[in-house]
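Below is one structure; the comments refer to it alone.
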Amino acid sequence: MRYFVVIALLLTGLCALYACQNEQEIEFKRYFSAGQLVYQTRCQNCHGNEGQGLAALIPPLNDAEFLRNNHSQLVCYLQNGLKGDIIIHNSTYNGHMPASGLSPIETAQVITYVQNSFGNQIGLYDLKQAEADLKKCK
Amino acid sequence: MRIIIPAFAAMLLWSACSFNKNDQKRLPIYGNREAVTKTLNGKTVTDTVYQTIPKFEYVNQYGKTITNKSLDGSIYVADFFFTSCPSICPIMHRNMLNVYNEFKNGGNVKILSYSIDPSHDSVAVLKTYADKLGIAGDTWWLLQGKKEETYKLAESYLVAVKEDKGAEGGYVHSGYFVLIDKQKRIRGTYNGTDEKEVSKLITDIKTLQADPEQSIVQ
């Protein structure tokens, strides 16, 4: 009887853990695939289908270090546009990205896509985080 | 009209192939055409006169004057853009770089990018853009001229351009690349935002280079 209870508890625990992980994964996939669509229609013309950018005019999106160091600002770049010197892979870019006009959920989706594509692996960026970061835009 | 021109061109291509057995593949000739009858040695002959690109005068990114004469003896590709264009121009010029890299070392192929926003795209702005795009030398010219003339000239290239405050960036324009031969006739139009069509353009330029008619010294 005792063993039975222990095993049952263990099993329930495992199931819960599994379900939970699964849910996170599903959530991630949802953001990622929606983000891919946003990327293709709203970003790819400038940043390229492989996030390669365009010569010295438009920066590539595969500098994971830049993305990490400016993580809470990314959503602001999309919301308000970006202008002025930035350094990507040791090169200075001085272009102008117009404001994207995307909704907060779309920005969260596209950031999730970008930061997990082109060699980046930074994980999920969800709506809650986007909304919190948006409040802190400079 | 959209269908008629390619259809007519296809017919022309077909006839060119089937009646000139010695000829290699030839590119069609686009645009309006006129039959002109004249008397030659007492005989009446009818010639087809094709639409050609009219005279123009612009300044390139080096501040040098560029006219239709500057293109004498060259096959060239033309497009219309502006440096602050947020929509299709980055894709167009990402693809145009493929054309540039293919022909930058000789071959008498030039690229002309007419700015449709000359008040912003000064010579200095065009030069900076060229530098950032990584282009040098005299194969790819970025051109500034009078806005109204550019709009009119675009029509001769069969490309639609117009100002529209409601459009992204303030202009509507189509991203076509237009291939012009040494006789200044239109030999192809390609969607510059489609990498595959731009590959076809590169192939077509080589076909045109091999066309005996193009070895005529102007």
_Within region A:105-121, considering residues that are in a helix (DSSP H, G or I) and open to solvent by less than 40 Å² (accessible area, probe 1.4 Å), the one nearest to B:Lys132 (Cα to Cα)_ = A:Val114
*Consider only pairs whose beta carbons are under 6 Å apart and that are at least six residues apart or on different chains; among these, list those whose first residue lies in region B:29-42 and is at positive phi and whose second residue is in a loop (DSSP other than H, G, I, E, B) and among the polar types (S, T, N, Q).*
B:Gly31/B:Gln51
*Does A:Cys46 satisfy the criteria of being in contact (Cβ under 8 Å) with a residue 12 or more places away in the chain, within 14 Å of chain B (Cβ to nearest Cβ) and part of a helix (DSSP H, G or I)?*
yes
_Condition first: touching a residue at least 40 places away in the same chain (Cβ under 8 Å), within 13 Å of chain A (Cβ to nearest Cβ), surrounded by 20 or more Cβ atoms within 10 Å (Cβ to Cβ) and of a type in the set (Val, Ile, Thr). Can you find one or more residues in region B:92-110 that meet it?_
no
*Looking at this structure, is B:Thr203 more than 28 Å from A:Ser100 (Cβ to Cβ), open to solvent by less than 60 Å² (accessible area, probe 1.4 Å), more than 14 Å from chain A (Cβ to nearest Cβ) and not in a loop (DSSP other than H, G, I, E, B)?*
no
*Scan region A:101-112 and give yes if some residue there is in contact with a strand residue (DSSP E or B) (Cβ under 9 Å, 6 or more places away or on another chain) and free of Cβ contacts under 8 Å to residues at least 12 places away in the same chain, otherwise no.*
no
_Let me confirm something: among B:Ser84, B:Ser113, B:Ser122, which residue is open to solvent by 20 Å² or more (accessible area, probe 1.4 Å), touching a residue at least 12 places away in the same chain (Cβ under 8 Å) and within 14 Å of another protein chain (Cβ to nearest Cβ)?_
B:Ser84
*When only residues in region B:125-160 that are outside any helix (DSSP H, G or I), more than 26 Å from A:Ala56 (Cα to Cα) and open to solvent by less than 20 Å² (accessible area, probe 1.4 Å) count, which is modelled with the lowest pLDDT?*
B:Val159
*What pairs can you find where one residue is in region A:76-89 and of a type in the set (Val, Ile, Thr), the other is open to solvent by 30 Å² or more (accessible area, probe 1.4 Å), and their Cβ atoms are less than 7 Å apart, with a gap of 6+ or different chains?*
A:Ile88/A:Phe66
*Only one residue in A:Leu54, A:Leu102, A:Leu82 is open to solvent by less than 30 Å² (accessible area, probe 1.4 Å), farther than 25 Å from B:Glu195 by Cα and either at pLDDT 95 or above or in contact with a helix residue (DSSP H, G or I) (Cβ under 9 Å, 6 or more places away or on another chain) (or both), so which one is that?*
A:Leu102
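The values are calculated or read from the model by the stated rules, or taken from the named source; none is laboratory data. For clarity, every value in this text was computed on a predicted model and none was experimentally measured. Note that each Cβ is placed from the backbone with ideal geometry, even for glycine, and that neighbours are counted across all protein chains shown. For accessibility, only protein heavy atoms count, side chains too; no ligands or nucleic acids. Shrake-Rupley method; radii C 1.70, N 1.55, O 1.52, S 1.80 Å.
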